[in-house]
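Just below is one structure, and these are the notes that go with it.
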Amino acid sequence: MNFIDIHCHILPGMDDGPSTMEESLKMLEVAEKDGISCIFATPHILDGLYSNKGSEIISSVGNLKKHLPGGLELFYGADVRVIPDLIHRMESGEIPTLNGSDYMLMELPEFIVPPHLDSLIFNLRHKGITPIITHPERHLRLMHDHKGLSGLRDMGAMCQITAMSITGGFGREIMRASFTMIERGLADMVASDAHNHDRRPPILSNAYKEVKKHFGEKIADALFFHNPGRIMEDVRRQS
Ligand SMILES: [Fe+2]
């Protein structure tokens with residue numbers, strides 16, 4: 001299918017994803033079987049817990065690339081927790097965008113929408129960076145606050161829904177929230193946010209089928225191909 005997975009914890013020993021290279025390779029196998037052709041390896045950057053640096057992520061991607069199956073391309077990135085000095089650390093290269101493109105994954109703290117989020121999005125956009133808010137359907141506030149989410153999108157942020165939210169892997173409430181977001185046009189793309197090969201695997205095809213069944217091919221293609229494809233185009237343009 002040539003799916004593009006922009007959010008995947010696949011690098012060994014960097015966060016709560018795979019702990020060994022063997023497990024990373026199993027994940028690559030699952031992804032390839034599912035029809036994924038491009039994966040962004042996006043470990044957490046979360047102060048106090050996962051202090052991954054851009055240079056370390058790039059070098060780990062280089063290692064994993066040596067074992068890459070033929071039909072797959074691997075890119076670097078990070079699942080970046082919102083912090084006040086994010087822009088400064090991005091400009092110093094400590095925090096990477098998606099493979100050096102103008103797009104960056106941005107994860108909110110679990111329970112709150114930080115008061116400085118608006119100004120952070122504004123300043124990132126001013127610098128030409130588009131933040132992609134990861135899994136708002138799993139965020140305690142945003143999952144019900146569609147007006148708030150819509151406001152963040154109006155400022156230029158994009159929203160990424162997690163495939164397993166759509167297929168019910170995180171429960172009915174989160175499944176319903178993701179469907180409502182898609183229905184209201186608040187979702188921009190779907191990614192796996194995979195962490196391992198079995199419980200949270202890099203699989204997109206099941207969610208694609210669900211979205212196609214409920215919302216039609218045009219919306220499914222936008223969420224799984226066209227919008228992630230814009231990021232790929234930017235990656236290729238800048239590399
Ligand atoms: Fe993640």
Exercise for review: Would you be able to tell me the number of residues in region 9-21 that are closer than 15 Å to P201 by Cβ and away from the ligand (no atom under 16 Å from the Cβ)?
Suggested key: 0
Study note, to complete from the structure: Restricted to region 102-117 and to residues being within 16 Å of the ligand (Cβ to nearest atom) and over 14 Å from the mean Cα position of the chain (by Cα), the residue modelled with the lowest pLDDT is E110
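Please find, among I83, I6, the residue that is at pLDDT below 95, touching a helix residue (DSSP H, G or I) at 6+ places or on another chain (Cβ under 9 Å) and either farther than 18 Å from S192 by Cβ or within 13 Å of the ligand (Cβ to nearest atom) (or both). First the steps, then the outcome.
On the way: I6 fails: at pLDDT below 95.
It is I83.
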**Study point:** In region 118-143, the residues that are within 16 Å of the ligand (Cβ to nearest atom) and at positive phi
**Key:** H135
Exercise for review: Kindly establish whether P131 is more than 23 Å from A31 (Cβ to Cβ) and surrounded by 23 or more Cβ atoms within 10 Å (Cβ to Cβ).
Suggested key: yes
**Study point:** Single residue of G35, G48 found to be free of Cβ contacts under 8 Å to residues at least 60 places away in the same chain and on the phi > 0 side of the Ramachandran plot
**Key:** G48
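Conditions (1) of a type outside the set (G, A, S); (2) closer than 20 Å to E233 by Cα; (3) buried (at least 20 other Cβ atoms within 10 Å of the Cβ), marked per residue:
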| residue | (1), (2), (3) |
| --- | --- |
| E73 | yes, yes, no |
| A78 | no, yes, yes |
| P84 | yes, no, no |
| H88 | yes, no, no |
| E91 | yes, no, no |
| I95 | yes, no, yes |
| L98 | yes, yes, yes |
| I112 | yes, no, no |
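Is region 21-32 home to any residue that is among the basic types (K, R) and free of Cβ contacts under 8 Å to residues at least 24 places away in the same chain?
Taking region 21-32 as the starting set, the residues that turn out to be among the basic types (K, R) are 26.
Filter once more, keeping what is free of Cβ contacts under 8 Å to residues at least 24 places away in the same chain: none.
No: zero hits.
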**Study point:** Residue check for L49: surrounded by 21 or more Cβ atoms within 10 Å (Cβ to Cβ) and either out of contact with any strand residue (DSSP E or B) (no Cβ under 7 Å at 6 or more places or on another chain) or more than 15 Å from H195 (Cα to Cα) (or both)
**Key:** no
Check your understanding: If you go through region 201-215 one residue at a time, do you hit one that is in contact (Cβ under 8 Å) with a residue 24 or more places away in the chain, under 28 Å from I87 (Cβ atoms) and touching a His at 6+ places or on another chain (Cβ under 9 Å)?
Key -> no
Exercise for review: State whether the residues of region 144-162 include one that is within 16 Å of the ligand (Cβ to nearest atom), out of contact with any Cys (no Cβ under 8 Å at 6 or more places or on another chain), without any contact (Cβ under 8 Å) to a residue 60 or more places away in the chain and farther than 18 Å from A78 by Cβ.
Suggested key: no
Review point. Just for region 183-198: of the residues that are over 15 Å from M106 (Cβ atoms) and among the acidic types (D, E), which one is farthest from the ligand (Cβ to nearest atom)?
Key: E183
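Kindly evaluate K218 against the criterion of being surrounded by 16 or more Cβ atoms within 10 Å (Cβ to Cβ) and of a type outside the set (V, I, T).
Values: surrounded by 16 or more Cβ atoms within 10 Å (Cβ to Cβ): no; of a type outside the set (V, I, T): yes.
No, not satisfied.
One residue is enough: does region 51-59 have a residue meeting the conditions in contact with a helix residue (DSSP H, G or I) (Cβ under 7 Å, 6 or more places away or on another chain) and of a type outside the set (F, W, Y)? Reasoning before the result, please.
Residues of region 51-59 that are in contact with a helix residue (DSSP H, G or I) (Cβ under 7 Å, 6 or more places away or on another chain), as a first pass: none.
For region 51-59, residues in contact with a helix residue (DSSP H, G or I) (Cβ under 7 Å, 6 or more places away or on another chain) and of a type outside the set (F, W, Y): absent.
Quick one: in region 202-239, of everything that is in a loop (DSSP other than H, G, I, E, B) and out of contact with any strand residue (DSSP E or B) (no Cβ under 6 Å at 6 or more places or on another chain), which residue is farthest from the ligand (Cβ to nearest atom)?
Restricting attention to region 202-239, the residues satisfying the condition of being in a loop (DSSP other than H, G, I, E, B) are 202-204, 216, 239.
Those left that are additionally out of contact with any strand residue (DSSP E or B) (no Cβ under 6 Å at 6 or more places or on another chain): 203, 216, 239.
On the way: I203: 15, G216: 28, S239: 23 Å.
Of everything passing the filter in region 202-239, G216 is farthest from the ligand (Cβ to nearest atom).
The values are calculated or read from the model by the stated rules, or taken from the named source; none is laboratory data. Bear in mind the structure is a predicted one, so any value in this text is a computation, not a measurement. Cβ: placed from backbone, ideal geometry, glycine included. Neighbour counts: every protein chain shown.
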